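Colleague: Here you go, one structure.
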Amino acid sequence: MPQAKQTKRLSQSFKYAFQGIAYVLASQRNMKIHFAAAVVILILSFGLDVSASQFIWVIFSIFFVLCMETLNTAIERTVDLVTTDYHPLAKLAKDIAAGVVLFATLFAVVTGLVVFTEPLLSIAEIQLPFPIEHMIIVLILCFLAAVFLFSIGQGRRKVRKAGKKDG
Ligand SMILES: Nc1ncnc2c1ncn2[C@@H]1O[C@H](COP(=O)(O)OP(=O)(O)OP(=O)(O)O)[C@@H](O)[C@H]1O
């Protein structure tokens, strides 16, 4: 393939990717929040004593959340292509896609806590009476427990509904 044609194809695919990202940013409130949070976190990283490896994790979590939100929107639009009417499977697909973003966001929050808590507290001359890792373990356990209890609640609701239908 001629070089000029190859370069044009490459620039076209960048253009389409930018169009996709611009659509997500323009249409999704959550993406705007993720963008704003990313800017604040990057500025914060500038002013605080953050090591190179910690910084890589911060960058990773920023892009992880942005990727998942973009993927979530692609799934939402694909579901809309299949049906815009109410359908339990459409609901399930969109809810699960939203769950992916929630997982990614939790990861980013945990990363932020690990990296920024100590430098921020040391500026304020505050010392935690417990290691930050303990707080994070409790936070993740609470999240897992909440998901577990919610899924039990959902299961019970389904059984009750099925019982009503049968009786
Ligand atoms: N076609 C559908 N059938 C059943 N439930 C749906 C459908 N579309 C959306 N929902 C429910 O509404 C929730 C919110 O959907 P949401 O508004 O985020 O999707 P959307 O309207 O397609 O996306 P956007 O935020 O871009 O407007 C979904 O998680 C799902 O529970």
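What follows draws every value from the coordinates through simple rules; no lab data is involved. As the structure is a prediction and not an experimental result, all values here were calculated from the model. Here Cβ is always computed from backbone atoms with ideal geometry, including for glycine, and neighbour counts include all displayed protein chains.
Colleague: If the cut-off is a Cα-Cα distance under 21 Å, which lysines reach K158, setting aside same-chain residues fewer than 8 apart in sequence?
Modeller: The reachable lysines, counting only those whose Cα sits under 21 Å from K158, are K91, K94.
Colleague: Could you calculate the contour length gain from L139 to A17, that is, 0.36 nm times the residue separation minus the distance between their Cα atoms, to one decimal place in nm? It would help to have the intermediate numbers written out before the result.
Modeller: Numbers: separation 122, 0.36 × 122 = 43.92 nm, distance 3.58 nm.
That works out to 40.3 nm of additional length.
Colleague: For a bin width of 5 Å, list the pair-distance distribution of the range 47-135 built from all Cα-Cα distances, rounded to whole %.
Modeller: Over the range 47-135, the share of Cα pairs per 5 Å bin runs 3, 13, 17, 15, 13, 10, 9, 7, 6, 4, 2, 0 percent.
Colleague: Could you identify which residue out of S61, S27, S45 has the top mean-square fluctuation in a GNM of the chain using Cα springs shorter than 10 Å?
Modeller: With Cα springs under 10 Å in the chain, the top fluctuation among S61, S27, S45 is at S27.
Colleague: So which aspartates and glutamates pass the test for K32, namely a Cα distance under 16 Å, with those fewer than 8 places away in the same chain ruled out?
Modeller: Qualifying aspartates and glutamates at Cα under 16 Å: E69.
Colleague: Helix-only mean residue ellipticity at 222 nm, the chain, DSSP H runs n ≥ 4 weighted -39,500 (n - 2.57), per residue, nearest 500. What is it? Don't jump to the answer; show the numbers that get you there.
Modeller: On the way: 5 runs with 146 residues, N = 167.
Taken over the chain, the calculation gives -31500 deg cm²/dmol.
Colleague: While we're on this one: State, to one decimal in nm, how far the label point of D49 lies from the label point of A146, with both points 7 Å from Cα in the Cβ direction.
Modeller: Taking the simple label geometry, D49 and A146 are separated by 3.3 nm.
Colleague: What is the Cα convex hull volume of the range 66-106 when expressed per residue in Å³? Mind showing how you got there, number by number?
Modeller: Numbers: hull volume 1.9 nm³, N = 41.
So the per-residue hull volume is 45 Å³.
Colleague: Here is a follow-up. Any idea what the dipole of the range 1-101 comes to, in debye rounded to 20, about its Cα centre with Lys/Arg Cβ at +1 and Asp/Glu Cβ at -1? If you can, show how the numbers build up before the last one.
Modeller: On the way: 9 positive and 6 negative charges, 101 e Å.
Roughly 480 debye for the range 1-101.
Colleague: For the pair V39 and I132, what calculated FRET efficiency results from E = 1/(1 + (r/R0)^6), where r is the Cβ-Cβ distance and R0 = 22 Å, to the nearest 0.05? Before the final figure, lay out each step's value.
Modeller: Working: r = 24 Å, r/R0 = 1.10.
That pair, I132 with V39, gives E of 0.35.
Colleague: With the calculation restricted to Cα positions, what are the radius of gyration and Dmax of the chain in angstrom?
Modeller: 21.5, 71
Colleague: How many angstrom lie between the C-alpha centres of the range 5-56 and the range 91-160?
Modeller: 23
Colleague: Before anything else, pin down the relative contact order of the range 23-167: Cα pairs under 8 Å, at least 6 apart, normalised by residue count, whole percent.
Modeller: Relative contact order here is 24 percent.
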